[in-house]
Amino acid sequence: MDAINIKNLTCFYDEQKVLEDINLDVKERDFLAIIGPNGGGKSTLLKSILGIITPKKGSIKIFGKENLKSLEMIGYVPQNTNINIDFPIRVIDVVMMGHVDTCAHEGAVSKNRFFNIFSKPHEIQCALGSLKEVGMEAYAYKKIATLSGGQRQRVMIARALCSNPKILLLDEPTSNIDAEGQRSIYELLKKLNEHITIVVISHDISVILEYANKVVHINKRLVFHDMQKNINKVTKHEGHFCEVELMQMLGGQK
Amino acid sequence: MIVEALGYGFFQNALIAGMLVSIASGIIGSLIVVNRMVFLAGGIAHTSYGGIGLAIYFGIPVFFGATLFSLAASILMAYITINNREKLDIYIGLVWSVGMAIGILFIDMTPGYNVDLMSYLFGSILAVSQEDIYYMSALLAIIVLCVIFFYKDLLAVSYDSEYAALRGVNVKFFYTFILMLSALSIVMAIKLVGLILVIALLTIPIYLAIKLSSSLAMMMFLSSLFSILFTFVGLFFSYKFDLTAGATIIMVGACVLIMFLIYEKISTHYLNR
Ligand SMILES: Nc1ncnc2c1ncn2[C@@H]1O[C@H](COP(=O)(O)OP(=O)(O)OP(=O)(O)O)[C@@H](O)[C@H]1O
Ligand SMILES: [Mg+2]
């Protein structure tokens, strides 16, 4: 069964058509990379998979189920986000925001959400577990404002992992991180990919070609690419290449 | 000198009222600052002047009239900000100035009423009555209960509203809710420092607390504590030197904040060498 199955997806923002007739299958344990120009609709695609945006046309199935408006199956690491870096909060409290009570059914959720300033032991355990997965357990009780950009991004990944997702969606997770930090985040994703399907938006083509097994290019419409063929092309190409060059190589319309 | 002041009923009332206002503004000021709503809160404060004018004209208790009017203003502000991402400051500025104009015009039209405008602009903490204190206590109780009851959601929305929305938190509702709570604490704070200085009370203690806190709850607690401290010291200075209480309180807070910022600059400067 496909982890994600998108058929004839069309999305609008008000009058503006942002995605048109997208068809995409993501198999279980795929490592899919999404590339494309700014404003091409990459974030919009992730948001429609998450159910934040209701598509105008088409269907999105997550493990065969439609309209899955829950983060239980899907972990999400948003783009940059307008998070206030000075916000007084500890790492573990951020990660716990990703926790989903798996035993809570609809309706039961609201019951235990109110009147709890203090976190429950199983929530803390869950958060510590995800922090360990991203190698940040030593920072659990530090203020998030004291971390570096790369460390903060790991915390965001830990928050997404806190609900034990089967799919992880990441929107430009390394956009403000140096080359070394970027590589170590991708190493982490590679490790997570052993049991989680990964979908990542990125402009770092060279890294993507190394880690992803599928690449799609989105600029309103979608062009699918067979990875193996491209890797061969790139290795033949050698040396440096910019995104535009690669776009041409992959045959995407610019 | 302090003992002498404490002997007066009006001064005791002022201390109690000052404490109630400080707790409310510490809690809500924290939410306002982390949600970057300072400009909106300023708007609500000035708009509430319309409520004061209307209340005086129609003979409703002023405190109560101002509460209703600023609640309405906060809902309007929330509606505007949620629905108009562009031209936001134009709309807010409009609500802000129309609110104030309504207040001034209705006070003009009130026959034979020589209202002391200054007391609303600069506060009138030394004229707080027993009823005022009961009313403030009720407002504070509402604020505290709401914040405790919805703490997790308020935290989630304040930290990362997009993610909170994903987790099923109704972000628009809580955005409006925070502004409504702000309206309540602003009405209380107008009594203490007047509407012109409300924003100072809702931000100065918070800027101090945000650096020293590792959670939103701790920030609320520390802000309230600083605010109480500034209020008490300010009240004694204003009594001793016969100064306007509200302005004195704000100056005490501002001096402490400035000293703190200078200390911080110097210490990081030496640490980084
Ligand atoms: N909330 C919104 N309201 C209206 N239009 C939007 C909104 N978000 C995005 N858009 C528009 O939709 C289009 C696609 O945006 P999207 O964020 O999906 O692009 P992207 O591929 O993620 O770009 P980037 O590389 O800059 O992140 C853009 O033209 C943008 O202006
Ligand atoms: Mg994007």
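The values are calculated or read from the model by the stated rules, or taken from the named source; none is laboratory data. Note that the structure is predicted; figures quoted are calculated from it, not measured. Because the Cβ atoms are built from the backbone with ideal geometry, glycine has one as well, and the counts that use them run over all protein chains shown. Protein only, heavy atoms only, side chains kept; ligands, DNA and RNA dropped before computing areas. Shrake-Rupley method; radii C 1.70, N 1.55, O 1.52, S 1.80 Å.
Heavy atoms of chains A and B lose about 2800 Å² of accessible surface on contact, summed over both sides with a 1.4 Å probe.
Within 10 Å of each Cβ in peptide B:34-42, how many partner chain Cβ atoms are there on average? Round it to a whole number, please. Averaged over the peptide's residues, the number is 1. Here the sum of -39500 (n - 2.57) over DSSP H runs of 4 or more residues, divided by the residues of chain B, equals -28000 deg cm²/dmol at 222 nm, to the nearest 500. For the protein assembly as shown, the residue among B:TYR159, A:MET156, A:ALA3 whose Cα projects farthest onto the positive side of the dipole built from Cβ charges is A:ALA3.
Rounded, prolate or oblate: which fits the stretch B:2-271, taking a ≥ b ≥ c as square roots of the Cα gyration tensor eigenvalues, rounded meaning a/c under 1.5, else prolate when a/b beats b/c? The shape class here is oblate.
Rg and Dmax over the alpha-carbon atoms of the stretch B:50-112 stand at 13.2, 44 Å. Modelled label positions at A:ARG221 and A:SER119, each set 7 Å beyond Cα in the direction of Cβ, lie 4.8 nm from each other. Between B:HIS269 and B:LEU145, the FRET efficiency estimated from the beta carbon spacing at R0 = 45 angstrom works out to 0.50. Here the simple spin-label model places points 7 Å from the Cα toward Cβ, and for B:GLU86 and A:ALA138 these points are separated by 5.0 nm. Ordered by solvent-accessible area of protein heavy atoms (1.4 Å probe), largest first, the residues A:GLU123, A:GLU137 come out as A:GLU137, A:GLU123. Screening chain B for whole DSSP H helices of 20 Å or more along their axis (Cα) with average Kyte-Doolittle hydropathy at least -1.0 returns B:9-34, B:38-58, B:62-83, B:88-109, B:130-149, B:171-193, B:198-212, B:216-241, B:245-271. Stretched out straight at 0.36 nm per residue, the stretch from B:ILE258 to B:LYS172 would grow longer than its current Cα-Cα span by 27.4 nm.
Annotation: for a label point projected 7 angstrom from Cα along Cα→Cβ of A:ASN176, residues of the stretch A:125-151 with backbone N closer than 14 Å are A:144-151. The mean count of C-beta atoms from other chains within 10 Å of the C-beta of residues in A:47-56, rounded to a whole number, is 1.
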